[in-house]
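Q: Take this structure, written in structure tokens, and hold onto it; I'll ask about it next.
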Amino acid sequence: MVIALIHWKIKPDKVCQFLDFWRKEAVIQDRRGLVGEFLSEACHMSEFSWITWDLTGCEGVYRSYINVGMWGDTEDFHEQVAKYFSDDLKDFEYELRVRTILRPTCWRMGDCCLPTHDSGGTL
């Protein structure tokens with residue numbers, strides 16, 4: 001399994017445009033290798049005092065979203081997502097997105113399950 005992280009820095013007045021893009025255009029056609037994918041807005045340190053990695057320091061300039069994708073392997077991720085990457089700045093981006101791949105070294109599993117359906121409006 002691999003985990004793909006993409007950090008998006010979105011212009012505050014273009015958040016709706018970005019969310020529409022993610023839900024309706026950045027579609028994964030073949031999900032057989034996908035464990036789950038989560039687009040998440042970064043929380044502010046004032047909301048949770050124990051946060052030490054602040055991704056929200058520039059709200060007036062951009063809003064941080066982290067896309068976390070869990071995949072069976074890098075080949076599945078590349079075939080369904082990475083081969084379509086471009087480094088063209090989109091209209092809603094403040095700065096070009098950055099990406100990395102994580103390979104889990106150790107893990108724990110709990111009793112809680114991943115959601116079984118897409119969030120509303122996501123294709």
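Q: Please find, within the stretch 79-110, the residue that is surrounded by the fewest Cβ atoms within 10 Å (Cβ to Cβ) out of those that are of a type in the set (Phe, Trp, Tyr) and modelled with pLDDT of 95 or more.
A: 94
Q: While we're looking at this one, here's another question. Determine, yes or no, whether residue 34 is farther than 18 Å from residue 2 by Cα and not charged (D, E, K, R).
A: Against the criterion (farther than 18 Å from residue 2 by Cα and not charged (D, E, K, R)), residue 34 does not qualify.
Q: So, in the stretch 93-122, how many residues would count as being in a loop (DSSP other than H, G, I, E, B), closer than 20 Å to residue 28 by Cβ and either of a type in the set (Ser, Thr, Tyr) or touching a helix residue (DSSP H, G or I) at 6+ places or on another chain (Cβ under 7 Å) (or both)?
A: 4
Q: Just name the residue that is farthest from residue 82 (Cα to Cα) out of those in the stretch 25-41 that are of a type in the set (A, V, I, L, M, F, W, C) and loosely packed, with under 13 Cβ neighbours inside 10 Å.
A: For the stretch 25-41, the residue satisfying everything is 38.
So that you can scan it fast, the table gives a plain yes or no per residue for (1) among the hydroxyl-bearing types (Ser, Thr, Tyr); (2) within 18 Å of residue 123 (Cα to Cα); (3) in contact with a helix residue (DSSP H, G or I) (Cβ under 7 Å, 6 or more places away or on another chain); (4) surrounded by 13 or more Cβ atoms within 10 Å (Cβ to Cβ):
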| position | (1), (2), (3), (4) |
| --- | --- |
| 9 | no, no, no, yes |
| 14 | no, no, no, yes |
| 23 | no, yes, no, yes |
| 43 | no, no, no, yes |
| 48 | no, no, no, no |
| 66 | no, no, no, yes |
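Q: Give just the number: which of (1) among the aromatic types (Phe, Trp, Tyr); (2) part of a helix (DSSP H, G or I); (3) closer than 24 Å to residue 105 by Cα does residue 21 not satisfy?
A: (3)
Q: For residues that are modelled with pLDDT under 95 and either on the phi > 0 side of the Ramachandran plot or of a type in the set (Val, Ile, Thr) (or both), tally how many sit in the stretch 60-73.
A: 1
Q: State all residues of the stretch 33-59 that are modelled with pLDDT of 95 or more and part of a loop (DSSP other than H, G, I, E, B); if no residue qualifies, say none.
A: The answer is 33, and nothing else.
The values are calculated or read from the model by the stated rules, or taken from the named source; none is laboratory data. These figures come from a predicted structure and were not determined experimentally. Neighbour counts run over all protein chains shown; Cβ positions are idealised from the backbone, glycine included.
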